[in-house]
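Any read-out appearing in this document is the output of simple, stated calculations on the displayed coordinates, not a laboratory observation. It should be emphasised that the depicted structure is a prediction, and the values quoted were computed from it without experimental measurement. When we count neighbours, we look across all protein chains shown, and the Cβ atoms used for this are built from the backbone with ideal geometry, even at glycine.
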Amino acid sequence: MASVELLILFLVGAGVIAYILTRFNTFLGSIFTIFAVMFVFVSLAGYGFGMNMDTTVNILPGISFTETYLGFYFAIIIVFVYLMVSFFHPYYLSEYKYKNSYNLLFLLSLAGILGAFYTDNFLNLFFFFELIIWTTMFLIPQGKSKEAAVSYFGFSIAGSVAMLIGIFITYNVSGTFSIYQGLAALSGTNAIFVFVLFIIAAFAKLGSFPLHIWLPIAHGNAPHPFSPVLSGALVKLGAFIGVLALIRIAPATGLFTAMDLPIGQYVVAILGSMSIVFGTLMAIKEDDAKKLLAYSSMSHGGYILVAFSILNGIAFAGGFYHILAHALASAGAFMAIAAVARATGTTKMKELGGMIHKMPITYLAYLIAIISMAGIPPMGGFISKWLIFQAVIDKGMIFVGIAVFFGSVGSFLYVFRPLAALFLGQELTEYKKVKEAPLLMLIPTFILMGLNVYTGVFPGGILKFINNIIVELGYTGIEVSTYEINGTNGILNPALIGLIFAVGSGIAFLIFIVLKKSRKVELMDTYTAANFVHDEHLLHYAVDFYAPLERLYEKQSNWMTKFYTALAEKVRELGKLGKYLFMSKNISTTVFWIVAIIIFLLWGEVL
Amino acid sequence: MLSTKYTEKTKLTKDEIDRKWWEVGDYFRRNSLWLLMYCTGCCAVELPPSMTSAYDMERLGMGPMATPRQADILLVSGYLSLKTLRRLIYTYEQMSEPKYVIGLGSCPINGGIYHDSHAVINQLDQYIPVDVYVAGCMPNPESILNGFVDLMESIKNKTANSWKKYRDNNEWYKQNQKDALGEVIIHDEFHE
Amino acid sequence: MILNILIGIGIAFFGFVLQTSIAGINRKIVGRLQKRHGPRWYQEFIDIFKLLSKRSITHGWIFDFGVIMALGGIIATAMFMPLTNNFLAFENFDNFFIFVYLIAVGMLGMAMSASGSGNPWASIGVMRALTTMLAYEVPFLIVVLTIINLTGNSSLTEIMLYQQASGNNWFLIALPIGGLVGFIALMGMLGKKPFETYVAPAEIASGPMVEYGGKQLGMLFIMNEISAFIEVSLFVHLFLGGATNIFEFLIKYFVVYTLANLISSVNGRFKIDQVVKFFYKWPLIMAVTQAVIAIYFGWVI
């Protein structure tokens, strides 16, 4: 189906059908959801790449669509993550309290996403954003806690309000709600206002410092199959607004001559860097595997912000590629953790160990995902990080450089922790009967593994598509041939790296195989300074993995949380004051205030 | 002058090839012997001088190693009480083959000054096979190094076969170990 | 292409032989420093071949797979390394970041295999190795940022040529503070004392290597030698102006490695948090100072 409008209507209709089906049979409803999402994905992939989607609107009132490379790029990534995750539904939904509505809300939020990326109207954008936020808000509390939903909703609404004010200012200046004309018409102080407001919205959605508190709470407590969507897909909405603000608006502030960068952009880059550093440090400290990956999303959000604030083609290419690479990697990692959580019932790393012996494929999926996440070749994350590094180095941004390098090395630390504590190590007795995930759940796992490798070895085609976006945004794209990427200070041939890695591993394998065969021993038969240890738990090193490092910043680690707790306290007190003034039990007081406010408002109108 | 007569090349059998490789391996093995020091008794005090500048064990390619997995030689220095014997056997079985055992001092040979103690075993080679003994109470560094050179010689002459002996006569050794130690049920890491 | 790959394998093999011999010579030098005779210069070779000839144990497939991945990753990295200006396997593709990140595959493989052995000491060793990496990598990369920003190219050959073109103006001299930081970071990379925390044989039973014996340990030794080759060569190419011919390379290589080893042999060992604190104090401040001076003020000797 080539029409965006019809696809959205289809998703709404499919949502209703899925609701009814799920009511009778959870498995059937979930299978239907898979096919519905697959249908959307196939139609989007079939028509969208050539920009052949039909954007006319016949039925929906007041809504208009247009087709951009930028919107399509985001849409296809997010729909893909939705598709991958929907394979997990049949095995998880039956545990949830409101399982009937799960598939409905899931499909509705996907409808919102399609709308948000295809619309050309600010009000529509806001409407679809709210649709996404409201539907997902009811999905999150089906997991562990309701507080998570409150936190997610609060920060999302803060972002939305900021965006709404920005939209109104734009309308005030330009007299149109059209996104591209409106943003083009901004100038001077207004542009700076809108820029700041949109950046706030972007930070809130992306979970960047200083609006990051909701991210680990929501990711960690969301239902297991929904966490990959949150991290791989929904967070990227923030990146979309960030692109609008940083590139489309790009207010004319003062220029840092040393770096040839506007101050506004530089401030965003610094905030992005802080987000990288904080995300990395908190992820190293975290014990819950899902929260750890949530903090890593925060740090990767920082990379995306840094990339988009450096105004040149190569940085944009890095940023867009990072969105793809991180979506694939974080979806893969979250889904592996979800599979483990389904088998064992926990995501706490200190309670788990030796899952590799029972779930080798899940382990491989996680391994490949984290190699990409840490930016190690031959996976997708390396390409994007290489492009971002180039841009940072060329601009000579030293302090941003410290952050991006720190985040990149720090990511080795935090991604290794679940690997060591959760998958490797001693095989704990309580999980001896665990089984590998069922076949339907392995399908997306395999697809994600393949794509993580593909994005790292043959990025040429994707980068050529990204060049379209960059040209659309008004910058020059990067030089890409089939195998080579031309950066500003070097050439990269990812396929060659992949090949050489294969050759190297081949040699190592040859050395390994010609030598004498090893004797297999039990895991417990290990060097213990000749002590007889009989309990696996005593030989499993999982608690406080990076204790010496954590000790160095232990005291500083929760001041952001404290700040927000204090802020919440103040807001609550303000609310109490309001309640005391306006909501008193004495009716006459309330009536007095209502009349007073109405008079005040009318008076303002007259003036 | 070359003979025109065709002589068939003698093909080496698999055993012969293996033996040739084994001899090559023996060269490397005898020139790089890594020690796992099981310092149970007083003889251990003689090891630092034989390692450091005075006698310099490293010139023979020897050196101390941290774990039994990496080591070639299990160096039993001194008397062995029953409790340490159990751990010694555990350690010995963790080493990778080929492995050698050196008994230091008179205690592993015949019990030495502890020969009448109820807590100490008298003959080490009842429980695990020993390649080289270095007698003395304590042996001085020269004799220790001499013992190492003896081990190298016997590796060269293919007489250092204790690890094969342990494999072939495993039942006998196990029986001896069981007689001395008895079977023990382990409760936790501190109590047997 | 096949020829290039063969040259690459040749470079990796050369690196192994070179580093193993020089490590052996250095063992002798350290022996002399301690008034000992020291081992033969080819002792390292004997050690490695002995290990390969032994019958080892394995703790399951991940234990073996990790070792293969470790050695494979390191061999692949070494295949990109240029030896001199014009002797390299893949022209134009000797990008600096390949070395920093492809080497990480090897490290990851080793870490994975070590954790897979189920020994807590191995995990502690891996934890320490990663923490040390977090410590030394950031100051080092800031210095390299300065170098790449100045030369405008991240290809090692181009960086070498840049230094040779301007009258043998090595970056060690042009950026003296940065050069010092680079050398300290090199000590960290090579795991020399005082940054030897993650091996620490007397403390955590040789850390990641605790469960290895026989061929796995031998392969890790080979990996260790080749990664040392990569790290020292990186330093030679980045700071010492590379080499126009192979003898120059050998001399520079020998001097750098021996100096690092001599400093190592008279030092004690830091605790792991001291390593982090150290690197984030002086080397980082020095690196940033150097970068600010060189990039923003343009004061390059």
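Key figures for this structure:
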item: Rounded to whole Å, sorted largest first: equivalent-ellipsoid semi-axes of the range C:197-301, Cα gyration tensor; result: 31, 23, 12
item: Protection proxy ranking, peptides A:422-429, A:537-544, C:186-193, average beta carbon neighbours within 10 Å, highest first; result: A:422-429, C:186-193, A:537-544
item: Other-chain or far-sequence residues with amide H under 5 Å of B:Y100's (modelled H); result: B:I73, B:L74
item: Dimensionless Rg ratio for the range C:52-124, taking C-alpha atoms and the 2.2 N^0.38 Å reference; result: 1.38
item: Helix-only [θ]222 nm of the protein assembly as shown, DSSP H runs n ≥ 4, -39500 (n - 2.57) each, per residue, nearest 500; result: -21000 deg cm²/dmol
item: Positive minus negative residues near C:V17 (Lys, Arg vs Asp, Glu; Cβ under 12 Å); result: -2
item: Surrounding net charge for A:D288, when Lys and Arg each add one and Asp and Glu each subtract one, Cβ distance under 13 Å; result: +4
item: Cβ-derived FRET efficiency at R0 56 Å, A:F35 paired with B:D168, nearest 0.05; result: 0.30
item: Near-label residues of the range A:457-481 by backbone N, under 14 Å of a point 7 Å along Cα→Cβ of A:D260; result: A:476
item: Relative contact order of the range C:41-129, defined on C-alpha pairs under 8 angstrom at six or more residues apart (%); result: 35 percent
item: Of A:K285/C:K277; A:K555/C:K193; B:K156/C:K35, pairs whose Cα-Cα distance is over 21 Å; result: A:K555/C:K193; B:K156/C:K35
item: Where Rh is the Kirkwood radius over Cα pairs, Rg/Rh for the range A:1-121; result: 1.00
item: Virtual spin-label span in nm between A:S481 and A:F458, 7 Å along Cα→Cβ; result: 1.8 nm
item: Computed FRET value (nearest 0.05) for A:I165 with C:W282, which takes r as the C-beta separation and R₀ as 35 Å; result: 0.15
item: Fraction of antiparallel bridges per DSSP, the protein assembly as shown only, in percent to nearest 5; result: 45 percent
item: Difference of contour (0.36 nm per residue) and Cα-Cα distance, A:T55 to A:L440; result: 135.2 nm
item: Estimated distance in nm for a label pair at A:I587 and A:E522, the labels positioned 7 Å out from Cα along Cα-to-Cβ; result: 8.0 nm
item: Cα radius of gyration and Dmax for chain A (Å); result: 25.2, 95
item: Cα convex hull volume per residue for the range C:1-130 (Å³); result: 160 Å³
item: Inter-probe distance in nm under a simple model that places probes 7 Å from Cα toward Cβ, at B:N161 and C:M1; result: 5.4 nm
item: Separation of alpha-carbon centers, the range A:443-500 and the range A:303-358, rounded to whole Å; result: 19 Å
item: Taking N as its residue count, the alpha carbon Rg of chain C over 2.2 N^0.38 Å; result: 0.98
item: Given 14 as the ceiling on other Cβ atoms within 10 Å, longest exposed-site-free region of chain B for trypsin sites (Lys or Arg not before Pro) in DSSP loops; result: B:12-157
item: Binned Cα-Cα distance frequencies in chain B - 5 Å width, integer %; result: 1, 7, 14, 18, 18, 14, 9, 6, 4, 2, 2, 2, 1, 1, 0, 0
item: Paired Rg and Dmax values of the range C:85-196, which use every Cα atom, in angstrom; result: 16.7, 55
item: Normalised contact order of chain A, rounded percent, pairs of Cα under 8 Å and 6 or more residues apart; result: 11 percent
item: Over chain C, relative contact order from alpha-carbon pairs under 8 Å, at least 6 apart, %; result: 27 percent
item: Isotropic mean projected area of the C-alpha convex hull, the protein assembly as shown (nm²); result: 55.5 nm²
item: Charge context of C:A111, other residues only, Cβ under 12 angstrom, K/R +1, D/E -1; result: +2
item: Binned Cα-Cα distances of the range A:404-537, short to long, each 10 Å bin given as a whole percent; result: 8, 18, 30, 25, 12, 6, 1
item: Max mean-square fluctuation residue, GNM over chain C, Cα-Cα springs under 10 Å, options C:F96, C:F249, C:F49; result: C:F49
item: Pairwise FRET efficiency - B:T13 versus B:A180, Cβ, R0 = 30 Å, nearest 0.05; result: 0.10
item: Per residue convex hull volume, Cα atoms of the range A:285-359, in Å³; result: 85 Å³
item: Additional length obtainable on full extension of the chain from A:L28 to A:I192, 0.36 nm per residue less Cα span; result: 53.9 nm
